[in-house]
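The values are calculated or read from the model by the stated rules, or taken from the named source; none is laboratory data. Keep in mind that what you see is a predicted model, and the values were worked out from it rather than measured. Virtual Cβ from ideal backbone geometry, glycine too; neighbours counted across all protein chains shown.
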Amino acid sequence: MKTEIGIDKIGFATPEFYLDLADLAAARQVDPAKYRIGIGQDEMAVLPADQDVVTLAAAAADQILTASERATIDLIIFATESGVDQSKAAALYVQRLLGLNTAARALELKEACYGATAGLQLAYDHLLAHPDSQRVLVLGADEARYGLGTAGEVTQGAGAIALLVTRQPRILVLEQPTAYHSEDVMDFWRPNYRREALADGKFSTEQYLRFLKLTWADYQQKTQRHLNDLTAVIFHIPFTKLGLKGLRQLTASAPNDLQTRLLTHFQQATILNRRVGNLYTGSLYLSLYSLLLFAELPAGARIGLYSYGSGAVAEFFSGRLVPGYAAQLPPAPEVSAVLDQRQRLSVADYETMFAQQLTTDGSTAATPSQSVNAPFRLSGISAHQRRYQKNGGQNQ
Ligand code: COA
């Protein structure tokens, strides 16, 4: 049997608090249609002080991993641009919280919203190069923060994606070759002294579209495939309007029926993103999850994926859906219900939660008990160490 490598399982976690963007529009005296249509977002997740990228990623992976999978993962890649330590990889906290194999490499990766794609491609290479390796865990977790009252505020969000990458995967077989491009571009960055990103939003939009043009042309040239060979195309989604601009660019000269098919699948692929906001590096994979939950796609369908990380690196690649892939995923209503059950914050409560932060002078502090449903909590800091616990349990 031909060795195929790809995504075997997908897990997703997001905070249990959200802001309705109609409320934000009223508070910022903006027409709500600007947010809903102009930006293409309806709600955004808000991260409480007792959650961080570690607890989110642990929650996303915990829901998909069996005991035997935990025991045999030999590479844990944690992609984030919201790291909790300048030195230690967040992957190690997750390894301990979930009881993952210790005969494993564990590391953290960063390149803005491209990080999880870098992790996925490295996972592919690892499985290809090591016939004894069985599975790799790729985590992508972030909190997107631009700041109160900024233009980017409406494009915030938080959450994590966990991808289990294996041979003979049961969801998506990754295809080679892929097309990638990188350049030193200052469209979005976050200096070490800031909690909020600095972004030139308009310039970033231009770069996202320019890199899409370059990588799409390269992908077509390398694979001899064209738009019609793709059943759906999904995008990195910092806000859904940007993905829509990307789709319009790709389909500008496509026949009407092809445009309609790709637009329908784009809308299915952004149902969850509209409600969660920007996950930074997890956003493309939240879009994949959304597509797989809300669309009925034939086995073998080829999906094009456009990954973009400011700074900037982009990659256009594709994968083929495995027969029976839906059995690997929860029913869509179950995932929607998790979002429906989140607590809606007033703008005042969102602003308070947004401003909360852990001590930065090394003093001991406990976090407020805010998360009720999350399986893991950041309980505080002592002796300069972050303390995590299973919700309702002891510090670990
Ligand atoms: N009804 C419907 N649409 C409206 C509207 C209304 N009442 N008012 C404005 N709009 C539309 C605008 O026409 C515009 O659409 P377009 O992009 O198709 O031209 C869109 O809403 C945005 O409005 P605009 O005033 O141009 O932008 P802004 O100054 O509010 O900034 C972003 C928007 C996205 C640039 C800003 O939120 C941002 O910087 N976000 C961070 C994004 C980022 O950098 N991410 C990293 C990239 S990967």
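Some values worked out for this structure:
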item: Pick from region 244-270, criterion crowded, with 21+ Cβ neighbours inside 10 Å and in contact (Cβ under 8 Å) with a residue 60 or more places away in the chain, ranking: nearest to the ligand (Cβ to nearest atom); result: G246
item: Which listed residue, of Y93, Y146, is crowded, with 24+ Cβ neighbours inside 10 Å and farther than 24 Å from V335 by Cβ; result: Y93
item: Candidates G300, G311, G319, G304, filtered to the one that is of a type outside the set (S, T, Y), assigned to a loop (DSSP other than H, G, I, E, B) and touching a residue at least 60 places away in the same chain (Cβ under 8 Å); result: G311
item: The listed residue being modelled with pLDDT of 95 or more, part of a helix (DSSP H, G or I) and surrounded by 18 or more Cβ atoms within 10 Å (Cβ to Cβ), out of A60, A33, A71; result: A60
item: Number of the condition not met by S82 [criteria: (1) polar (S, T, N, Q); (2) within 16 Å of the ligand (Cβ to nearest atom); (3) over 16 Å from the mean Cα position of the chain (by Cα)]; result: (3)
item: Among (1) over 23 Å from P368 (Cβ atoms); (2) in contact (Cβ under 8 Å) with a residue 40 or more places away in the chain; (3) in contact with a helix residue (DSSP H, G or I) (Cβ under 8 Å, 6 or more places away or on another chain), the one test that Q63 misses; result: (3)
item: Answer from S363, S371 - the residue that is hydroxyl-bearing (S, T, Y), in a loop (DSSP other than H, G, I, E, B) and out of contact with any Lys or Arg (no Cβ under 9 Å at 6 or more places or on another chain); result: S363
item: Counted residues, region 103-144 - those being part of a loop (DSSP other than H, G, I, E, B), in contact (Cβ under 8 Å) with a residue 60 or more places away in the chain and over 21 Å from L172 (Cβ atoms); result: 1
item: Candidate set from region 183-196 (those that are under 20 Å from the mean Cα position of the chain (by Cα) and in contact (Cβ under 8 Å) with a residue 60 or more places away in the chain); member that is farthest from the ligand (Cβ to nearest atom); result: R195
